[in-house]
Amino acid sequence: MLYTLPGMILALLVVSLAFHRTSIPSVHSLTAGLTSTTGGILVPGASYPANLSLTVLGGMAAYVAAYATGLGNIPWQQGELFALQVRGIGSSVATATNWACNLLIAATFLSLMDAATPAGAFALYALVCVAGWVGCYCLYPETSGLSLEQVNELFSDGFGVQKSLEVRAGRMAREDEVRRRVE
């Protein structure tokens, strides 16, 4: 997630910049955005520059690729973070939260595009992704290579990020010691 969220942020910023409309006449021709001829909004039937349309399409494809390879998997693979006693309800709440957020975005997207312009909407989504990256960095422990018992131990006192770093460092030290003995 820490590697794919920046890809999502960058893709959303590219889309936002492709839509952006400058109000500076002297540089307008150099920095005209996709919606510069339509007052910053998307108008059905309007003709838009092909290069900027392809930039928006490419940015959205890059966003979907980054999301699918990172954050998109979490609701379906987070079961290891819950103790066996609460795994069912924890997975249910995580899945419900995922779908609720999807519904919120789908229900508000067009209104946000009208209220904040397409450039503003995608910039706002990029800011939400930045907040998500910070949250993941600060609150989400690395659990790869840990046993179920070690994962449960991580969450015994809070979010377990620092503890996960200590467990991984200890494991790496033991693996290095084993390699030195073999050599």
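With just the Cα atoms defining each centre, how far is the stretch 113-149 from the stretch 36-95? Give it in Å.
The stretch 113-149 and the stretch 36-95 have Cα centres spaced 11 Å from each other.
Using the Cα centre of the stretch 142-183 as origin and beta-carbon charges of +1 (Lys, Arg) and -1 (Asp, Glu), tell me which of Phe159, Gly170, Ser147 is placed farthest towards the positive end of the dipole.
Gly170
With an 8 Å Cα cut-off and a minimum separation of 6 or more residues, compute the relative contact order for the chain in percent. Don't skip to the end; give the middle numbers.
Values: 169 pairs, mean separation 51.6, N = 183.
Computed over the chain, the figure is 28 percent.
Seen from all sides and averaged, what is the projected area of the convex hull of the Cα atoms in the stretch 90-181, in nm²?
Values: hull surface 34.0 nm².
Reported value for the Cα convex hull: 8.5 nm².
Ignoring everything except DSSP H segments at least 4 long, calculate the 222 nm mean residue ellipticity for the chain; use -39,500 (n - 2.57) per segment, divide by total residues, nearest 500.
-23000 deg cm²/dmol
Tilt of helix 161-182 relative to the longest C-alpha principal axis of the chain, in degrees (0 to 90, nearest 10)?
Roughly 60 degrees, rounded to the nearest 10.
Between Arg181 and Leu103, 0.36 nm times their residue separation minus their Cα-Cα distance comes to what?
Numbers: separation 78, 0.36 × 78 = 28.08 nm, distance 5.53 nm.
Net length gain for the segment: 22.6 nm.
Please determine, in degrees from 0 to 90 and to the nearest 10, the orientation of helix 50-69 with respect to the longest principal axis defined by the Cα atoms of the chain, where the helix direction is its Cα long axis.
10 degrees
According to a simple spin-label model (label point 7 Å from Cα along Cα-to-Cβ), what is the distance in nm between Gln162 and Val86?
The modelled label-to-label distance comes out at 2.1 nm.
Per q in 0.22, 0.27, 0.30, 0.34 1/Å, what log10 I(q)/I(0) does a Debye calculation on the alpha-carbon atoms of the stretch 142-183 return?
Computed log10 I(q)/I(0) values: -0.69, -0.87, -0.99, -1.14.
Stokes-Einstein at 10 °C, 1.306 mPa s, Kirkwood radius from Cα pairs: D for the chain in µm² s⁻¹?
Working: Rh = 19.5 Å.
Estimated via Stokes-Einstein, D reaches 81 µm²/s.
Mind sorting Thr117, Thr95 by how few other Cβ atoms lie within 10 Å of their own Cβ, fewest first?
Values: Thr117 21, Thr95 13.
Lowest to highest Cβ neighbour count: Thr95, Thr117.
Every number here is computed from the coordinates shown, using simple stated rules; none is lab data. Note that the structure is predicted; figures quoted are calculated from it, not measured. No Cβ is skipped: glycine too gets one built from the backbone with ideal geometry, and neighbour counts run over all protein chains shown.
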